[in-house]
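Inspection log for the structure reproduced underneath, given as structure tokens.
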Amino acid sequence: MINPLHTPCKSCAFAEYIDKTQTGCSLGFIDIYKRQGAEILEVYDNDLEFYVINEKKCIGYRENSWFKQYDLADASISDKIIKFKELNKINYLLVINFKKLGETEEDIKNIKTALESLTVHPQKIVFVRSASGDHTTTYGSINKMMIDAKINCAWRIQSMLDETISNENILHDIISLNKSYRFICSLNNSKCNDLNNLIETAQHIVYDKLEQFSVLTDKERSCIIFPGGVYRYSIAQNGVDLLADTNTYTVI
């Protein structure tokens with residue numbers, strides 16, 4: 001029985017056919033879903049015999065009309081795959097807490113290096129700093145760092161009035177206030193060399209392997225990434241903080 005939540009492959013640009021029978025998926029997603037135990041139904045209508053991925057919304061489903069906006073409606077399937085992968089990047093907010101990382105010239109240089117390494121840029125960056133005292137991290141210096149690192153995304157400075165708030169509580173507040181970002185990434189050490197590797201690994205898990213993770217980190221735990229929605233649900237429904245139990249972290 002077909003569930004209300006399902007994906008019919010019939011009109012997908014990536015559906016592969018021999019004559020009028022679907023044989024596969026140009027993205028390889030049908031095989032991945034099968035390995036994961038998803039129910040793949042073979043159905044037909046008056047036109048074609050095709051697959052239905054039951055109880056799942058396929059992230060790869062694109063009708064050919066979708067490619068018209070990029071003048072690729074008549075392009076080869078390989079060009080369409082390239083465009084799909086180019087646009088389907090992990091959606092994340094990056095948190096950089098100067099109160100935790102420091103504001104020395106070396107700290108700023110290391111943070112800029114980490115940002116420069118990114119192949120998948122964040123949709124937004126929140127820079128956290130103390131509201132009191134003198135700062136080397138002025139608006140101008142942060143703006144220059146963003147320009148030098150060639151990071152073109154929304155960003156803002158969040159000034160903390162309460163010096164006693166922990167980094168964990170700061171993250172909790174940011175997660176609660178920023179619900180439009182699927183993932184939250186936190187830079188925990190200015191000398192982090194694995195930020196790009198972390199983001200690319202998350203990208204591979206979500207968009208290539210079609211899998212999920214709770215918390216992903218590097219060996220030194222200098223940076224972490226986790227799904228904000230799962231974090232909020234876990235807190236609200238179970239009272240469990242996903243970040244509290246480091247034994248559940250997946251280390252890259």
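Within segment 1-86, the GluC sites (Glu not before Pro) that combine a DSSP coil assignment with at most 16 other C-beta atoms in a 10 angstrom radius are GLU39, GLU55. Packing-based ranking of 19-31, 161-173 yields 19-31, 161-173, ordered from highest to lowest mean Cβ neighbour count within 10 Å. Excluding same-chain neighbours fewer than eight residues apart, the lysines reachable from LYS85 by a Cα-Cα span under 23 Å are LYS10, LYS34, LYS56, LYS57, LYS68, LYS124, LYS150, LYS209. Taken along the Cα-to-beta-carbon direction at a fixed 7 Å, the label points for ALA73 and ASN197 span 4.6 nm.
Computed across the chain, the Kirkwood radius stands at 20.6 Å (inverse of mean 1/r, all Cα pairs).
For the chain, a simple Cβ point-charge model (Lys and Arg +1, Asp and Glu -1, everything else neutral) yields a dipole of about 360 debye relative to the Cα centre. Distance from the alpha carbon centroid of segment 1-55 to that of segment 172-233 works out to 31 angstrom. May I ask for the angle, rounded to the nearest 10°, between helix 105-116 and the longest principal axis of the chain, with both axes built from Cα atoms and the value confined to 0 to 90°? Result, in degrees: 10. In segment 6-87, the C-alpha radius of gyration followed by the widest Cα-Cα span (Dmax) gives 12.7, 36 angstrom. Amide H contacts of CYS223: ASN188, ASP218, each under 5 Å away and 5 or more positions distant or on a separate chain (H built 1.01 Å from N in the peptide plane; Pro and chain starts excluded). Comparing mean-square fluctuations of ILE82, ILE53, ILE111 from a GNM of the chain with C-alpha springs under 10 Å, the top value falls on ILE82.
Only the coordinates and a few stated rules stand behind these numbers; no lab work does. Quick caveat, the model's predicted, so the values are computed rather than measured. No Cβ is skipped: glycine too gets one built from the backbone with ideal geometry, and neighbour counts run over all protein chains shown.
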